Amino acid sequence: LAQQRLLIKGGKVVNDDLSVEADVYVEDGVVQQVGPNLNPEPLTGLIVLDATNRLVIPGGIDTHTHMQFPFMGSRSKDDFYSGTKAAVAGGTTMIIDFAIPQKGCSLIEAFDTWKSWADPKVCCDYSLHVAVTWWSNKVKEEMKSLVQNKGVNSFKMFMAYKDIYMLNDEELYEAFCCCKELGAVAQVHAENGELIAQGAKKMLAMGITGPEGHALSRPEEVEAEATQRAISIANAVNCPLFVVHVMSKSAGKLISNARREGKVVYGEPIAASLGTDGTNYWNEDWAHAAAYVMGPPLRPDPSTPGFLMNLLANDDLSVTGTDNCTFDTCQKAQGKDDFTKIPNGVNGVEDRMSVIWEKGVHSGKMDENRFVAVTSTNAAKIFNLYPKKGRIAVGSDADIVIWDPKASRTISAKTHHQANNFNIFEGMVCHGVPVATVSRGKVVYEGGAFSVTAGDGKFVSRPPFPPYVYERIRQREQVCQPVPVKRAPYTGMVSET
């Protein structure tokens, strides 16, 4: 890949902690200079991007995607090429996908399989979380190998999808212990799988077979109960916890309360839970309603997105992903007579940055610095990518977006680049638009035109023990251990009756 020499002139560089008027000079895929009035020599071969009256921000990091994911009898439409191409169009320059083995199968083989799918196709950098879908000594050994040899520092445990991916509480405890020992971040899909299974049976017995049955069978308290249980188990182990796709007010409140009690827990609302709601499940058009089916479901309370955005703006929730897992109408129709057979998943990888800007910054709930924190920097810190990712500074990777806060666009399936025939944000007008995206120092998207090559993106290894997460964990391990009370031995009578 021929490296571009690049000068971004006249913009305002926005990091999570400050904004400053400055130019940015990039060479060999790395930021070389940040400062006013830069004039790098020689001028020959130098590409200049004009960022006047625009923001220059770190490329987004989507912490939660499922590209070409084999799931529920189908495979998600976005593969690693179309998915990462859509990502860069939306201002995201790194995704973290999930390698998910079947129960009883090797975690390392799953990782290798996902990597073999991704490497020839990715248009931007990526990494992989690995799911723990069963428990044994072999799994424990494979987790250790993944951390030490494969650049993995996060593992996802499912509390839902009974008999497919779900772990019980004892297995969660063991997995969390292993994560802490290895310096990894424990992630959970927090829903009570047993209650969901019973709820689904109940709805079908009542003749409720449409998409509304999906929401009715896994109500908000099912997410809240599992969230609280995961927080309790992680706290008992002194393991950092990352709750993926926070979808409800009650789960958000529980994470907020835990953080205020000093627990090391992070919450990830997604573009869908911040930008739309579950009233769509009651739409009379079956295909429209089914398009929103995902797990956990969107909530029918229309005030949920605003509530979650408030928590995100105020650091009660920490990062944003998308759970991008696209299935078209024909794939969703596998469940036309039974909502439990509708493949779960929605779009978002292209829309996330604009939706968060619209609902967060344009609405006045967060400033531009917090926007950078929740779209890239916090993720980079939690998953030990910082400051190579999530920051514009000398030595950082040149993953950069020129962002026009005054421009607007209307989201539509007719114009998006996600490989799906439906967009859950259809018709949403978003203020805040990426006008150019730079990945590894190369301009990959500018003014609506792509310059991407499959395989240009790279797998990024993530070392264990991210300091942002583990400094508190390590300190607590030293000073917060229970100790026995020193007392004289009891010498009196002992009765056995």
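Could you rank the peptides 284-291, 433-440 by their average count of other C-beta atoms within 10 Å per residue, with the highest value first? Display every interim value, and only then the final one.
Values: 284-291: 17.6, 433-440: 24.6.
The densest-packed peptide leads the list: 433-440, 284-291.
Could you sort Tyr490, Tyr386 by accessible area so the largest value comes first, with the probe set to 1.4 Å? Could the numbers behind the result be given before it?
On the way: Tyr490 165, Tyr386 75 Å².
The most accessible residue leads, giving Tyr490, Tyr386.
In the stretch 242-262, whose amide N lies under 14 Å from the spot 7 Å out along Cα-to-Cβ of Lys162? List them in ranges.
Under cut-off, by backbone N: nothing.
Solvent-accessible area per residue for the chain at a 1.4 Å probe radius, Å²?
Details: 18940 Å² over 497 residues.
Accessible area per residue: 38 Å².
Please report the carbon-and-sulfur percent of the accessible area for the chain; probe 1.4 Å, protein heavy atoms only, DNA, RNA and ligands left out. Numbers along the way, then the final one.
Details: 9800 of 18940 Å².
Solvent-exposed carbon and sulfur of the chain make up 52 percent of the total.
Cα centroid distance between the stretch 5-74 and the stretch 392-467, in Å?
Cα centroid of the stretch 5-74 versus Cα centroid of the stretch 392-467: 11 Å apart.
How big is the accessible area of Lys77 in square angstrom, nearest 10, if you roll a 1.4 angstrom probe over the protein chains?
90 Å²
Of Ser116, Ser273, which has the most accessible area with a 1.4 Å probe, and how do the rest follow in descending order? Spell out each step's value before the answer.
Working: Ser116 70, Ser273 5 Å².
Largest accessible area first, the list is Ser116, Ser273.
Hey, got the dipole for the stretch 89-222? About the Cα centre, +1 on K and R Cβ, -1 on D and E Cβ, debye to the nearest 20? Provide the component values of the computation, followed by the final result.
Numbers: 13 positive and 18 negative charges, 41 e Å.
Rounded to the nearest 20 debye, it is 200 debye.
Starting from 0.36 nm per residue, how many nanometres of slack lie between Lys138 and Asn37 once their C-alpha separation is accounted for?
Values: separation 101, 0.36 × 101 = 36.36 nm, distance 5.70 nm.
That works out to 30.7 nm of additional length.
I'd like the distance between the alpha-carbon centres of the stretch 227-302 and the stretch 307-328, rounded to an integer number of Å.
Centre-to-centre (Cα) distance: 8 Å.
So if R0 is 51 Å, what FRET efficiency would Asp119 and Lys486 give, r being the distance between their Cβ atoms, rounded to the nearest 0.05?
The computed FRET efficiency comes out at 0.30.
Tally Lys and Arg at +1 and Asp and Glu at -1 over the other residues with C-beta under 14 Å from the C-beta of Ile8: what net charge comes out? Each step should come with its number before you reach the end.
Working: positive: Arg5, Lys9, Lys12, Arg54, Lys442; negative: Glu21, Asp23, Glu27, Asp50, Asp399, Asp404, Glu446.
With Lys, Arg at +1 and Asp, Glu at -1, the net is -2.
Run the numbers on the stretch 95-232 and let me know its relative contact order in percent, using alpha-carbon pairs under 8 Å that are six or more apart. Working shown, then result.
Details: 196 pairs, mean separation 27.0, N = 138.
Contact order relative to length: 20 percent.
Take the Cβ-Cβ distance between Asn283 and Met493 as r, set R0 to 56 Å, and report the resulting FRET efficiency rounded to the nearest 0.05. Intermediate results must be reported in sequence, preceding the final value.
Values: r = 75 Å, r/R0 = 1.34.
Efficiency computed from Cβ-Cβ geometry: 0.15.
Ordered by packing density, taken as the mean number of other Cβ atoms within 10 Å over each peptide's residues, highest first, how do 403-409, 324-330 rank? Display every interim value, and only then the final one.
Values: 403-409: 16.6, 324-330: 22.6.
Taking the mean over residues of other Cβ atoms within 10 Å, the ranking is 324-330, 403-409.
How large is the accessible surface of Met203 in square angstrom, using a 1.4 angstrom probe and rounding to the nearest 10?
Probe radius 1.4 Å; accessible area of Met203 about 20 Å².
Under a point spin-label approximation (7 Å from Cα along Cα-to-Cβ), what is the Leu46-Ala407 distance to one decimal in nm?
Here the answer is 2.4 nm between the modelled labels.
How would you order 370-377, 50-57 from highest to lowest mean count of nearby Cβ atoms within 10 Å?
Numbers: 370-377: 26.8, 50-57: 19.6.
The densest-packed peptide leads the list: 370-377, 50-57.
Pairs of alpha-carbon atoms within less than 8 angstrom and 6+ residues apart define the contacts here; what relative contact order does the stretch 282-420 have, in percent? Intermediate values should be presented prior to the final figure.
Working: 142 pairs, mean separation 31.0, N = 139.
Result for the stretch 282-420 is 22 percent.
Ranked from the most accessible area to the least, with a 1.4 Å probe and all protein chains present, what is the order of Arg391, Arg462, Arg487, Arg472?
Values: Arg391 40, Arg462 0, Arg487 175, Arg472 95 Å².
Most to least solvent-accessible, the answer reads Arg487, Arg472, Arg391, Arg462.
So between Lys253 and Phe465, what do we pick up on full extension, going 0.36 nm a residue minus the alpha carbon distance? Walk me through the numbers on the way to the answer.
Details: separation 212, 0.36 × 212 = 76.32 nm, distance 2.72 nm.
Full extension from Lys253 to Phe465 adds 73.6 nm.
From the cross-link list Lys121/Lys156; Lys77/Lys458; Lys249/Lys336; Lys85/Lys341; Lys12/Lys388, which pairs have alpha carbons spaced over 27 Å apart? Before the final figure, lay out each step's value.
Numbers: Lys121/Lys156 24 Å; Lys77/Lys458 22 Å; Lys249/Lys336 30 Å; Lys85/Lys341 29 Å; Lys12/Lys388 20 Å.
Violating the 27 Å Cα-Cα cut-off are Lys249/Lys336; Lys85/Lys341.
Which value in nm describes the separation of the simple spin-label points at Cys105 and Asp28, placed 7 Å from the Cα toward the beta carbon?
Going by the 7 Å Cα→Cβ label model, 4.1 nm.
The values are calculated or read from the model by the stated rules, or taken from the named source; none is laboratory data. Because the structure is a prediction, the values reported are computed rather than measured. We place every Cβ from the backbone using ideal geometry, glycine too, and count neighbours over all the protein chains shown. Calculation scope for accessible area: heavy atoms of the full protein, side chains included, ligands and nucleic acids excluded. Shrake-Rupley method; radii C 1.70, N 1.55, O 1.52, S 1.80 Å.
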